[in-house]
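Asks: The structure follows.
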Amino acid sequence: MAIPLLIAPTTPEPRAARIAAASTGFVYLVSRLGVTGARREPDIGWAATAIARLRPATPLPLAVGFGISTAAHVAAVGAVADGVVVGSALIDAFAGSKGAEAARKAGAYAASLRAALPQRD
């Protein structure tokens, strides 16, 4: 079982390196201060800087989440991170729906985000 640990913008660099070394699966970078949700912008600048600092500390993929809700967010994060985590906005995409309709809405939303990811070789 993988245990990805979280690194926040307030995590000191030495501790962030220890957290990255102790993680399994991937390292989860929290893109901004505060609670999760789709209503605030992620801090792409902080994420890019944190990723550059952590790359030498771990061979694991570095994923960014919290506040990521639009195709523009996914494109910006996907340009610097190995993974993009979308939670609350996905739930919002199918809120109030059930069954096949919920699956269709969730699938369409996920496909729109996937299409925004930068192409990699």
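Asks: I'm trying to understand the selection: among the residues of the range 40-53, which are closer than 19 Å to ILE91 by Cβ, touching a helix residue (DSSP H, G or I) at 6+ places or on another chain (Cβ under 8 Å) and either at pLDDT 90 or above or surrounded by fewer than 20 Cβ atoms within 10 Å (Cβ to Cβ) (or both)?
Replies: Matches in the range 40-53: GLU41 only.
Asks: How about the range 86-121: which of its residues are closer than 14 Å to HIS73 by Cβ and surrounded by fewer than 12 Cβ atoms within 10 Å (Cβ to Cβ)?
Replies: ALA115, PRO118
Here is a yes/no grid of residues against (1) farther than 28 Å from ALA111 by Cα; (2) at pLDDT below 95:
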| residue | (1), (2) |
| --- | --- |
| MET1 | no, yes |
| ALA17 | yes, yes |
| ALA21 | yes, yes |
| VAL27 | no, no |
| PRO61 | no, no |
| PHE66 | no, yes |
| SER69 | no, yes |
| SER88 | no, yes |
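Asks: Six or more apart or on different chains, Cβ atoms under 6 Å: show the pairs whose first residue is in the range 20-39 and closer than 14 Å to VAL77 by Cβ and in a helix (DSSP H, G or I) and whose second is small (Gly, Ala, Ser) and modelled with pLDDT of 95 or more.
Replies: none
The values are calculated or read from the model by the stated rules, or taken from the named source; none is laboratory data. Small disclaimer: the values here were computed from a predicted structure and weren't measured. We place every Cβ from the backbone using ideal geometry, glycine too, and count neighbours over all the protein chains shown.
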